[in-house]
Ligand code: AGP
């Protein structure tokens, strides 16, 4: 039946605000304090098979491909298993060599994306174990895979993916904990990750309070024709995701880049009409991103910073600062996506775009 809008003006806005709950649902029953690990019921792999995994391939399209990039960083950091991320549409036709003991995960909200289904079937044909990380129960991809993990995010109606993205990142974090604890990760480190995951929904709730500030910023930049999104490490996929959200619902050209790559080309785009969004909560590369931001500012580009700490230096360089709560680096993609989702939402509304059903796009792409 119809999913209610619950008083919100658009499904997208409702789904953005549902994220504290959808994250709680992604974690429900999956965190085990006794063993300091995650629990998944449907992987259908023996402990020997799981411990024998030597490589993981994450594949998907669009936003699901972005969460795959986040998953790559998480799994390599916490489980130390080599990961490679492939666009499903490329994996299918590229025919890369895949060694034994490789797990292939298809990441998908709908479970109906033709390219992702075909990529999984192609790898399955060659004898590899395929798993689905999927939201829609009983969907084609959920059925085709050998096993998998459901996101439990509830129905996502808006064409722009929001809560499915955060749930994908959250499930990938639990997955890296799970694989990590089968390998080198200590009980203490596992317990700490569980604590950090439990605090995540409250952090997302706090991040959502930036809404009115973001709406104000949106009204200043709604006329832009080009926007750059920049971040490093875990915030690089976030930059790609922020740019995709803006493109698909507001029809403004946007590009996401690793902040340090700017100087190798895209900085030539910077002028006073081209705003740059720097995703820079405090972390390993914080000072580096600060100087990347300074370089953009020096060339006359308007700068919007998404930051976790009040600081005179950011206020001095950036024209706008959006504050988000501090979380550990691996969870930053989830929290920093919130203001970017809201920014594209408000800009699209101001431009009179059909937010939930943008032109030329379908919720699930069932053709190649
Ligand atoms: C996301 O905002 C897009 N609408 C799109 O990129 C989407 O993520 C992609 O088509 C993949 O869909 P799926 O997750 O249902 O497979």
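Bear in mind these aren't lab numbers, they're just calculated from the coordinates by the rules spelled out. Because the structure is a prediction, the values reported are computed rather than measured. Note that we place each Cβ from the backbone using ideal geometry, even for glycine, and neighbour counts take in every protein chain shown.
Observations on the structure shown:
- Take 148-154, 314-320, 122-128, 43-49 and order them by the average number of nearby Cβ atoms within 10 Å per residue, most first; the result is 148-154, 314-320, 122-128, 43-49.
- Highest average first, the peptides 102-110, 61-69, 249-257, 24-32 ordered by how many other beta carbon atoms sit within 10 Å of their residues are 102-110, 61-69, 249-257, 24-32.
- The stretch 4-163 - convex hull of alpha carbons, volume per residue in Å³: 118
- Relative pair counts by distance (%), Cα atoms of the chain, 10 Å bins: 5, 25, 34, 25, 10, 1
- P(r) histogram, all alpha-carbon pairs of the stretch 159-206 included - 10 Å bins from 0, percent: 23, 46, 24, 6, 0
- The order of 349, 367, going from fewest to most other C-beta atoms within 10 Å of their C-beta, is 367, 349.
- Over the chain, dividing the summed -39,500 (n - 2.57) contributions of all DSSP H runs of at least 4 residues by the number of residues returns a 222 nm mean residue ellipticity of -14000 deg cm²/dmol.
- Computed over the Cα atoms of the stretch 174-281, the ratio of the radius of gyration to the Kirkwood radius (Rg/Rh) comes to 1.10.
- At R0 = 25 Å, FRET efficiency that the Cβ-Cβ distance of residue 326 and residue 33 yields, to 0.05: 0.60
- Look at the alpha carbon pairs under 8 Å that are at least 6 residues apart: their mean separation over the length of the stretch 233-319 gives a relative contact order of 26 percent.
- Here the relative contact order of the stretch 1-126, from alpha carbon pairs under 8 Å that lie six or more residues apart, stands at 23 percent.
- Considering only alpha-carbon pairs that sit under 8 angstrom and 6 or more positions apart, the relative contact order computed for the chain is 20 percent.
- Extension gain for residue 225-residue 196 works out to 6.6 nm (0.36 nm per residue, less the C-alpha to C-alpha distance).
- With Cα atoms, 0 to 90° folded angle of helix 211-221 axis to the chain main axis: 60
- Cα gyration tensor shape for the stretch 108-206, rounded if a/c is under 1.5, else prolate or oblate: oblate
- Rounded, prolate or oblate (a/c below 1.5 giving rounded, otherwise prolate when a/b exceeds b/c) for the stretch 287-368 by Cα gyration tensor: prolate
- Coordinate range of the alpha-carbon atoms in the stretch 325-368 per principal axis, descending: 37, 32, 10 Å.
- Residue order, fewest to most beta carbons within 10 Å, for 245, 288: 288, 245
- Set of the stretch 75-118 residues, backbone N closer than 12 Å to the point 7 Å along the Cα-Cβ line of residue 367: none
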